[in-house]
Each structure stands twice: as structure tokens, then as C-alpha cells.
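Participant: Quick one: structure below, then a few questions.
The values are calculated or read from the model by the stated rules, or taken from the named source; none is laboratory data. Worth saying up front: this structure is predicted, and the values here are computed from it rather than measured. Note: ideal-geometry Cβ built from the backbone for every residue, glycine included; neighbour counts use all protein chains shown. For the accessible areas, the whole protein counts, side chains as well, though only heavy atoms, and no ligand, DNA or RNA atoms are used. Shrake-Rupley method; radii C 1.70, N 1.55, O 1.52, S 1.80 Å.
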Amino acid sequence: MPRTLTLIRALEVDDVARSLAQNLRAAGAEVIFVCDETRGAVVTAPYEKISLTEARLGALGLAPLPAKWGWLCGDMCYYAAAAAYPDYDRYMLLESDVFIGPQAAQTFVATMEADGAEVIAAQLDRHAAPKRYSRGLESMGLDPHWGCIFPVSRASARAVDHMKTLRLRAIKERPSDKINDEAILAAAAFEYGLSHISLEALLPDMFARSSFDTNPPHLFDAQIAAPDPAKAFHPTVTYATVKARIASGEKNYNRHRLRRVLAEAPRDMRRTLKAALEEKGAS
């Protein structure tokens with residue numbers, strides 16, 4: 001059986017990230033964190049971690065790093081993991097705002113272990129129009145229409161090597177272009193003819209867009225109180241985070257963007273959030 005190392009990409013290990021790690025580990029996954037520590041150390045105990053810094057990535061030849069690489073280039077997690085843990089056949093990367101309940105995690109891990117595709121990601125396909133951060137691929141002679149989203153992905157060791165080759169090309173040839181992790185993963189899959197499958201083809205109920213997409217967010221407090229046995233959720237945010245973001249204006253939270261949070265929230269939380277939105281004039 002191929003060995004898979006499961007990585008959780010996190011700026012901090014909050015309740016959402018810790019829940020994800022616990023449920024995946026209980027389902028049999030080997031879990032470590034990969035943390036951008038350019039702003040300071042992240043506490044991940046009892047889980048091991050890989051620290052992402054400019055020096056560490058530079059030692060892997062990944063220099064000069066693109067602007068905002070910590071946000072734009074989640075594929076760096078793969079390269080750092082492959083260098084630190086080279087004896088694995090596959091690497092699976094999840095963002096820390098994914099929620100997968102205990103029962104769903106069992107199904108997810110078992111299915112991922114059984115499938116042999118070299119590249120797996122949600123919405124992995126050739127799209128009618130290039131995604132914003134895939135357009136730079138065209139100037140590298142690559143098809144920018146291939147894309148995916150990055151909250152959950154998996155790549156074989158060979159796929160990681162191909163991704164790194166493309167990232168190094170992008171750094172050298174198109175240093176000012178914003179080419180993101182999704183673009184690099186999808187381009188590697190299709191340009192090198194790697195076997196691939198989308199998450200929604202592999203687990204259609206779990207990764208349906210009604211629960212798993214880039215927006216709008218879901219309420220972590222509601223999900224953890226009554227975990228769906230068959231679905232993954234992304235993005236998920238805590239009630240405390242939603243309140244703080246409404247107050248600060250971060251993420252431009254309004255009623256429409258928070259429609260799923262408000263639908264999922266218990267009555268008292270919903271009442272408080274609606275009042276906060278009204279006070280901020282975030283209709």
C-alpha cells in the first residue's frame with residue numbers, strides 16, 4: 001500500500017484546524033502541520049510540523065520567492081514536505097479551514113487511500129475561462145484553462161517533482177506574474193499527463209459545491225455540534241471569528257456572504273450576528 005503523508009496548512013492551530021487533525025488521525029491518516037512561520041512560531045503539539053520560512057524554501061532552490069508567497073503559493077507545502085519526508089509515495093494537503101467530521105473522515109481517508117490517481121483536487125478540470133491566477137501560465141507556453149481549487153488536494157511524489165519544476169520555471173521566467181498553487185497543481189497534472197481525478201467525481205456527496213467551495217463560509221460551531229456523516233465543508237469559521245470580522249470589516253462580511261453561517265447558526269448566535277451586521281450597516 002502506498003504511504004501517504006497528510007499535511008495541514010495553517011497559520012495557527014485553532015479549533016477548526018485541531019478538529020480536522022484529530023478526525024483525520026482517528027481515521028488512520030499520518031498528520032503533520034505545515035506552517036508559515038515568517039511571523040513567528042506556531043504551536044502544533046502534539047503534532048509534528050514543517051516550518052515554512054524564506055530561508056528554508058531558499059535552500060530548496062525556491063528563490064526569489066513571489067510576493068505574498070505564503071498566501072499565493074500553497075504548493076510550497078508540498079516541496080517542503082517532500083524534502084523533509086522523502087520516503088512517502090503521496091502527499092495530501094488540506095487547508096486548516098476545512099471541516100470533516102469523524103464519520104466523514106473515515107470515509108474520506110479510506111477512499112483516498114484506495115484511489116491511485118497521481119493528482120486529486122476539487123474542481124480539477126479544463127475550465128471555459130482561465131482562473132485569475134492561472135493566466136500567467138499562458139506566457140510559459142502552458143494551457144491556462146486547466147484549474148482546480150486548493151482546500152484539499154493530493155499529489156504523488158512524482159507529481160510534486162513536476163509541480164516544483166513548473167514553480168521554478170515560473171519564478172525564473174515570470175517573476176512578476178501571480179501564478180498560484182491551483183494553477184501549478186492543475187498544470188502539472190495535465191501538461192505531464194498524470195493520472196488524475198476530481199474530488200467531486202471520487203466522492204460526489206462529500207465534495208458537492210453546496211458544502212465545499214471557496215465561498216460562502218460555513219459555521220464551525222454548528223458543524224462540530226452535529227457533524228454531517230457524509231460531507232466535507234469549506235470554508236468553515238468559528239462564531240468568534242465571524243463576530244470579530246463583522247466588527248473589523250475584514251473579509252467584507254455581509255448578510256449575503258454569511259447566508260450559510262446564518263442558516264446554520266443556533267437562534268441565539270443568529271440573533272447576535274444579525275444585530276452586529278445591522279450595527280455595521282452590512283446588509
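Participant: Which one is nearest to Pro175 (Cα to Cα) among residues in segment 61-80 that are outside any helix (DSSP H, G or I) and over 12 Å from the mean Cα position of the chain (by Cα)? Even if it seems obvious, please write down each step before you answer.
Facilitator: First, pick out the residues of segment 61-80 that are outside any helix (DSSP H, G or I): 61-68, 73-74.
From what's left, over 12 Å from the mean Cα position of the chain (by Cα): 61-68.
Details: Gly61: 14, Leu62: 12, Ala63: 10, Pro64: 8, Leu65: 8, Pro66: 7, Ala67: 9, Lys68: 12 Å.
Applying the filter and picking the extreme gives Pro66.
Participant: Out of all the residues in segment 235-254, which are open to solvent by 80 Å² or more (accessible area, probe 1.4 Å) and either under 14 Å from Pro216 (Cα atoms) or among the β-branched types (Val, Ile, Thr) (or both)?
Facilitator: Lys251, Asn252
Participant: Yes or no: Gly141 over 24 Å from Pro66 (Cα atoms), in the same structural domain as Tyr91 (by the TED database) and open to solvent by 10 Å² or more (accessible area, probe 1.4 Å)?
Facilitator: no
Participant: Right, another one. Quickly run through segment 86-134 and pick out the residues that are assigned to a loop (DSSP other than H, G, I, E, B) and either buried (at least 17 other Cβ atoms within 10 Å of the Cβ) or modelled with pLDDT under 95 (or both). Step through it out loud before you land on a result.
Facilitator: Kept after step one, since they are assigned to a loop (DSSP other than H, G, I, E, B), are these residues of segment 86-134: 86-89, 96-98, 101, 115-118, 127-131.
Selection gives Tyr88, Ser96, Asp97, Val98, Gly101, Ala117, Glu118, His127, Ala128, Ala129, Pro130, Lys131.
Participant: For segment 145-169, how many residues meet the condition of being open to solvent by 10 Å² or more (accessible area, probe 1.4 Å) and of a type outside the set (Asp, Glu)? Break it down into steps so the answer makes sense when it comes.
Facilitator: The first filter runs over segment 145-169 and keeps only residues open to solvent by 10 Å² or more (accessible area, probe 1.4 Å), leaving 145-146, 156-158, 161-162, 164-165, 168-169.
If we keep only those that are of a type outside the set (Asp, Glu) as well, we get 145-146, 156-158, 162, 164-165, 168-169.
Total satisfying the criteria: 10.
Participant: Mind checking which residues of segment 170-213 are open to solvent by 70 Å² or more (accessible area, probe 1.4 Å) and more than 19 Å from the chain's Cα centre (by Cα)?
Facilitator: Listed by number, the residues that qualify are Lys172, Glu173, Arg174, Pro175, Ser176, Glu191, Tyr192.
Participant: Further question: Identify, from the list Ala159, Ala83, the residue that is assigned to a helix (DSSP H, G or I), without any contact (Cβ under 8 Å) to a residue 60 or more places away in the chain and out of contact with any strand residue (DSSP E or B) (no Cβ under 7 Å at 6 or more places or on another chain). I'd like the intermediate steps shown before the answer.
Facilitator: Working: Ala159 fails: out of contact with any strand residue (DSSP E or B) (no Cβ under 7 Å at 6 or more places or on another chain).
Just one listed residue meets the conditions, Ala83.
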